[in-house]
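Visitor: Just dropping this structure here.
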Amino acid sequence: MKYSITDGNLNDLRTPCLVVSLKTAKRVARALGSTAIFSRASEDFKDSVEQSLCVNLGGNIARLLVIGGADETLDADKFRKLVNAAAVSLLKLPVKNAIVALDSVKVTGERTPWKAATLMHAISYNAYRYGKHKSKPASPPTLTTVRVHVSDKKGTTSSARLGNALDAGLAFSRDLGNEPPNVCDPNYLLKEARKLAKHPEVSVSNLDEKKMAALNMGAFLSVSKGSDKPGQMIVIRYNGGRKADAPIALVGKGITFDTGGISLKPGAAMDEMKFDMCGAASVLGTTKAVIQAGLKINLITIVAAAENMPSGGATRPGDIVTSSSGKTIEILNTDAEGRLVLCDALTHAQTFKPKTIIDVATLTGAVIVALGSKASAVYANDDKLANDLLAAGQTSGDKAWQMPLWDEYQSSLNSNFADMANIGGREAGSVTAACFLSRFVEGVSWAHMDVAGSAFMGGAAKGATGRPVPLLFNYLCQQANG
Ligand code: BES
Ligand code: MN
Ligand code: ZN
């Protein structure tokens, strides 16, 4: 989708479709001399959120798409519902272009740029299709460009640029997540990451297994050694900020398929473990958005890409490995592999002297039990960082919730034979996974996001959601602004 921002008198516009509230629709219809047609067509219309009505007028404004509830004062969540319904209705129409004029909706505590961003996000989310592997893909929405009408352009100079950037980053992330695991393997992620290096401020490099061995990344390599596909540690550098600015580091779990390894998973829904690289997909999607938006920050993106397979060469429960930090790990369950690739990635991230590290991972089934699919879990060793991420989640509607990272949980990782075990007990599985990661971060502000519940959906709506790209992009926009 391509977005632009427009203002001016609605009656003077030319468009195949104008999206408005009921009051505004009446006013426009009157101005165009179409009051009779409009009154008849809208007679039975229920003016409440999630209702909509399309009235064909012909003429300069060929259609009016009336959005229910848009003349009330709404809270942020209700407005999100409203624009989501508007996006769904709009995307069903056979129009290539549209003007959406919902800036008149009053939203408690929010202003024009937020409303524009929320609208664009909703359209982007609903316009996404993944039909690559169907011999007859369902026809995509005809809509390709949207003009977002605002009453006052002030404060919206970057709105279209940011909306377009998020659109691209979100779609990139979802495409990577949805790609089947026989296509999307560690080398595929590297190839996709390299495409980002077309931009002059971006460089992409990788640590193959040989280089990782030289850096003593025994934890990472214990995961990839069961697979015929070699693992890759991918590093993307984006220099949009000043030379002296310390970078922000994003680290993503990129398990392109998680069978569990020798601690094999049960068969039901195992196909969904192709989504175990959605953390990686989200940091790659965010990076794409940051590059396209030209944010004035320095960013390091690290993807820990590997496949977790059982084989004669695979890691056994009971094996002890040494991570690149020097800490030893007793692997009690080979299905707790995400933390093993991430601990070496976190160690590597610290060599870039970042001011902040954020890792994103579909790390535990336990977080789904705790929070379901609505909120991503945030853990942090720095409350300011946690609060900034939670705020970015609220603003973008890509919500997150903070979980405890208390010392009391650490002892569950005790091992009789190594510095630590790779699993805690049955309780608080997402917390103990975060505790494990915390042991590999020292002297730097760090947050971990467990997105096993939010990054993809199962069942009939199976597919990648692109979360938490909107949250991360919003956070980085805030950082760029000061
Ligand atoms: N990739 C899984 C976590 C997961 C589960 C993601 C369901 C998405 C949906 C992770 O590698 C895993 O297997 N975790 C184990 C940890 C356990 C062995 C301590 C889990 O959650 O069962
Ligand atoms: Mn696993
Ligand atoms: Zn996993």
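Visitor: State whether one or more residues within segment 308-331 are among the acidic types (Asp, Glu), within 15 Å of ligand 3 (Cβ to nearest atom) and either farther than 16 Å from Phe436 by Cβ or open to solvent by 20 Å² or more (accessible area, probe 1.4 Å) (or both). Give the steps one after another, and end with the answer.
Guide: Our first condition is that a residue be among the acidic types (Asp, Glu); within segment 308-331, this holds for 319, 330.
Checking which are within 15 Å of ligand 3 (Cβ to nearest atom) leaves us with none.
No, segment 308-331 contains no residue that is among the acidic types (Asp, Glu), within 15 Å of ligand 3 (Cβ to nearest atom) and either farther than 16 Å from Phe436 by Cβ or open to solvent by 20 Å² or more (accessible area, probe 1.4 Å) (or both).
Visitor: Out of Lys274, Lys288, Lys229, Lys253, which single residue is part of a loop (DSSP other than H, G, I, E, B) and among the charged types (D, E, K, R)? Can you show your working first?
Guide: On the way: Lys274 fails: part of a loop (DSSP other than H, G, I, E, B); Lys288 fails: part of a loop (DSSP other than H, G, I, E, B); Lys253 fails: part of a loop (DSSP other than H, G, I, E, B).
On inspection, the qualifying residue turns out to be Lys229.
Visitor: Now for a different question. Given the structure, is Thr356 over 18 Å from Ala421 (Cβ atoms), surrounded by fewer than 24 Cβ atoms within 10 Å (Cβ to Cβ), more than 13 Å from ligand 1 (Cβ to nearest atom) and without any contact (Cβ under 8 Å) to a residue 40 or more places away in the chain?
Guide: Values: over 18 Å from Ala421 (Cβ atoms): yes; surrounded by fewer than 24 Cβ atoms within 10 Å (Cβ to Cβ): yes; more than 13 Å from ligand 1 (Cβ to nearest atom): yes; without any contact (Cβ under 8 Å) to a residue 40 or more places away in the chain: no.
Judged against the criteria, Thr356 is not a match.
Visitor: Kindly check whether there is at least one residue in segment 351-360 that is under 23 Å from the mean Cα position of the chain (by Cα) and within 14 Å of ligand 3 (Cβ to nearest atom). Don't jump to the end; show me each part of the working.
Guide: Going residue by residue through segment 351-360, those that are under 23 Å from the mean Cα position of the chain (by Cα) are 354-360.
Now drop any that are not within 14 Å of ligand 3 (Cβ to nearest atom), which leaves 359-360.
Yes, segment 351-360 contains a residue that is under 23 Å from the mean Cα position of the chain (by Cα) and within 14 Å of ligand 3 (Cβ to nearest atom).
Visitor: Cβ-Cβ below 9 Å, separation at least six or inter-chain, first residue in segment 272-293 and under 17 Å from Pro180 (Cα atoms) and open to solvent by 10 Å² or more (accessible area, probe 1.4 Å), second within 14 Å of ligand 2 (Cβ to nearest atom) and among the basic types (Lys, Arg): which pairs?
Guide: Met273/Lys265
Visitor: Residues in segment 294-352 that are part of a strand (DSSP E or B), within 16 Å of ligand 2 (Cβ to nearest atom) and closer than 25 Å to Ser173 by Cβ: how many?
Guide: The total comes to 5.
Visitor: Among all residue pairs at least 6 apart or on different chains, which show Cβ distances below 8 Å where the first residue, located in segment 389-405, is outside the structural domain of Ser373 (by TED's automatic domain parsing) and modelled with pLDDT of 95 or more and the second is small (Gly, Ala, Ser) and open to solvent by 40 Å² or more (accessible area, probe 1.4 Å)?
Guide: none
Visitor: Follow-up. Here are the criteria: (1) free of Cβ contacts under 8 Å to residues at least 60 places away in the same chain; (2) open to solvent by 70 Å² or more (accessible area, probe 1.4 Å); (3) within 39 Å of the chain's Cα centre (by Cα). Tell me which single one Leu53 does not satisfy.
Guide: Here Leu53 meets the rest and fails (2).
Visitor: Which one of Gly279, Gly254 is in the same structural domain as Ala197 (by TED's automatic domain parsing), of a type outside the set (S, T, N, Q) and more than 10 Å from ligand 1 (Cβ to nearest atom)? Walk me through how you get there before you give the answer.
Guide: Numbers: Gly279 fails: more than 10 Å from ligand 1 (Cβ to nearest atom).
Criteria check complete, one pass: Gly254.
Visitor: Right, another one. Buried (at least 16 other Cβ atoms within 10 Å of the Cβ) and either over 20 Å from Gln292 (Cβ atoms) or not assigned by TED's automatic domain parsing to the domain that holds Ser311 (or both): which single residue out of Leu221, Leu196, Leu189 fits that description?
Guide: Leu221
Visitor: Right, Pro181: buried (at least 19 other Cβ atoms within 10 Å of the Cβ) and assigned to a loop (DSSP other than H, G, I, E, B) or not? Lay out the reasoning, then the answer.
Guide: Working: buried (at least 19 other Cβ atoms within 10 Å of the Cβ): yes; assigned to a loop (DSSP other than H, G, I, E, B): yes.
Judged against the criteria, Pro181 is a match.
Visitor: Do we find that Ser48 is outside the structural domain of Ala391 (by TED's automatic domain parsing), open to solvent by 20 Å² or more (accessible area, probe 1.4 Å), touching a strand residue (DSSP E or B) at 6+ places or on another chain (Cβ under 8 Å) and within 30 Å of Gly466 (Cα to Cα) in this structure?
Guide: Values: outside the structural domain of Ala391 (by TED's automatic domain parsing): yes; open to solvent by 20 Å² or more (accessible area, probe 1.4 Å): yes; touching a strand residue (DSSP E or B) at 6+ places or on another chain (Cβ under 8 Å): no; within 30 Å of Gly466 (Cα to Cα): yes.
Taking the combined requirement at face value, the residue does not satisfy it.
Visitor: All but one of (1) open to solvent by 10 Å² or more (accessible area, probe 1.4 Å); (2) within 27 Å of Lys210 (Cβ to Cβ); (3) of a type in the set (S, T, N, Q) hold for Thr301; which doesn't?
Guide: (1)
Visitor: Any idea which of Ala213, Ala246 is over 22 Å from the mean Cα position of the chain (by Cα) and open to solvent by 50 Å² or more (accessible area, probe 1.4 Å)?
Guide: Ala213
Visitor: Check every one of the helices (runs of 4 or more DSSP H) wholly within segment 376-482 and list those with 3 or more residues that are surrounded by fewer than 23 Cβ atoms within 10 Å (Cβ to Cβ) and more than 16 Å from ligand 3 (Cβ to nearest atom). It would help to see each step written out before you state the result.
Guide: Numbers: elements: 383-396, 429-438, 469-480.
In segment 376-482, 383-396, 469-480 are the helices (runs of 4 or more DSSP H) which contain 3 or more residues that are surrounded by fewer than 23 Cβ atoms within 10 Å (Cβ to Cβ) and more than 16 Å from ligand 3 (Cβ to nearest atom).
Visitor: Helices (runs of 4 or more DSSP H) wholly in segment 19-121 with at least 1 residues that are more than 25 Å from Met1 (Cα to Cα) - which ones?
Guide: In segment 19-121, the matching helices (runs of 4 or more DSSP H) lie at 22-31, 35-41.
Visitor: Of all residues being within 11 Å of ligand 3 (Cβ to nearest atom) and surrounded by fewer than 19 Cβ atoms within 10 Å (Cβ to Cβ) in segment 260-271, which is farthest from Val202 (Cα to Cα)? Just the residue, please.
Guide: Lys265
Visitor: Could you count how many residues in segment 85-120 are hydroxyl-bearing (Ser, Thr, Tyr), over 15 Å from Glu72 (Cα atoms) and open to solvent by 20 Å² or more (accessible area, probe 1.4 Å)? Explain how you work it out, then say what you get.
Guide: Going residue by residue through segment 85-120, those that are hydroxyl-bearing (Ser, Thr, Tyr) are 89, 104, 108, 112, 118.
The next check asks that each one be over 15 Å from Glu72 (Cα atoms); those that pass are 89, 112, 118.
Next, only the ones that are open to solvent by 20 Å² or more (accessible area, probe 1.4 Å) stay: 89, 112.
Going through segment 85-120 one residue at a time, the tally reaches 2.
The values are calculated or read from the model by the stated rules, or taken from the named source; none is laboratory data. These figures come from a predicted structure and were not determined experimentally. Note: ideal-geometry Cβ built from the backbone for every residue, glycine included; neighbour counts use all protein chains shown. For the accessible areas, the whole protein counts, side chains as well, though only heavy atoms, and no ligand, DNA or RNA atoms are used. Shrake-Rupley method; radii C 1.70, N 1.55, O 1.52, S 1.80 Å.
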